[in-house]
Amino acid sequence: NDEVARLSRSFNGMIRKLEKAFVAQKNFSANAAHELKTPLAAIIANIEVLQLDDRPTLDDYKDTLEVTLANAQRLSGLVNDLLKLNAEQTITSYERIEAKVMFDQIVAELAQSSEGKNVRIDNRTEGVLLYGDKPLLHRAFANIVHNAVQYNKPGGVVVIAAAETADNTSVTVFDTGIGIPEDR
């Protein structure tokens, strides 16, 4: 229990904290890459679908530009969020959000990819309010629904359901896809 032993314990504690910090940084980088990849994939997919059409109409161009703009704005928001996190100046604002409105917007953003896979998205969140950081909730749920479409079978279904109790609100996304392996 001498000075060297105390120094050794202190050093070991510091090493454990550094290891945790490195793991957290690695996880953060992986999550950030995933968040950025989703809107980029949507932009690329929409442009590729437009290019496949031999005679695209003006409405086809307008629809593609709308989806591209929405995803570019989403990317811009992600970059801004990353900069805020990096500067440690994150100020979270919580607000009440109509679940149906938010999920209708997500369904619209994913319309081309869901139609391309012939996957129907059913939004059953009428009358439910969510409370939280709207951009973060939108991003999280958009990723979940996007994955439910992406890993679904052709002709499949994605159902978004929500329920409120006195204590909490739950949102569930069901799909007819391949599922998530148990080890994840």
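So here's what we get for this one:
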| quantity | calculated |
| --- | --- |
| Flag for K62 being within 24 Å of F141 (Cα to Cα), open to solvent by 80 Å² or more (accessible area, probe 1.4 Å) and among the basic types (K, R) | no |
| Scope the stretch 65-78; condition free of Cβ contacts under 8 Å to residues at least 40 places away in the same chain and either more than 11 Å from E109 (Cα to Cα) or touching a helix residue (DSSP H, G or I) at 6+ places or on another chain (Cβ under 8 Å) (or both); matching residues | L65, T68, A70, N71, A72, Q73, L75, S76 |
| Flag for E48 being in contact (Cβ under 8 Å) with a residue 40 or more places away in the chain and closer than 24 Å to S114 by Cα | no |
| From L82, L65, residue being in a helix (DSSP H, G or I) and either charged (D, E, K, R) or modelled with pLDDT under 90 (or both) | L82 |
| Residues of the stretch 122-150 classified as under 20 Å from A45 (Cα atoms) and either open to solvent by 40 Å² or more (accessible area, probe 1.4 Å) or over 9 Å from the mean Cα position of the chain (by Cα) (or both), total | 5 |
| Residue within the stretch 27-41 that is of a type outside the set (A, V, I, L, M, F, W, C), more than 26 Å from V149 (Cβ to Cβ) and either at pLDDT below 80 or not in a helix (DSSP H, G or I) (or both) present | no |
| Within the stretch 85-164, strands (runs of 3 or more DSSP E) holding 2 or more residues that are more than 29 Å from V49 (Cβ to Cβ), touching a residue at least 12 places away in the same chain (Cβ under 8 Å) and touching a strand residue (DSSP E or B) at 6+ places or on another chain (Cβ under 7 Å) | 95-98, 129-132, 157-164 |
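The values are calculated or read from the model by the stated rules, or taken from the named source; none is laboratory data. In this text, all values refer to a predicted model and were calculated from it rather than measured experimentally. Virtual Cβ from ideal backbone geometry, glycine too; neighbours counted across all protein chains shown. These accessible areas exclude ligands, DNA and RNA; they are computed on the full protein's heavy atoms, side chains included. Shrake-Rupley method; radii C 1.70, N 1.55, O 1.52, S 1.80 Å.
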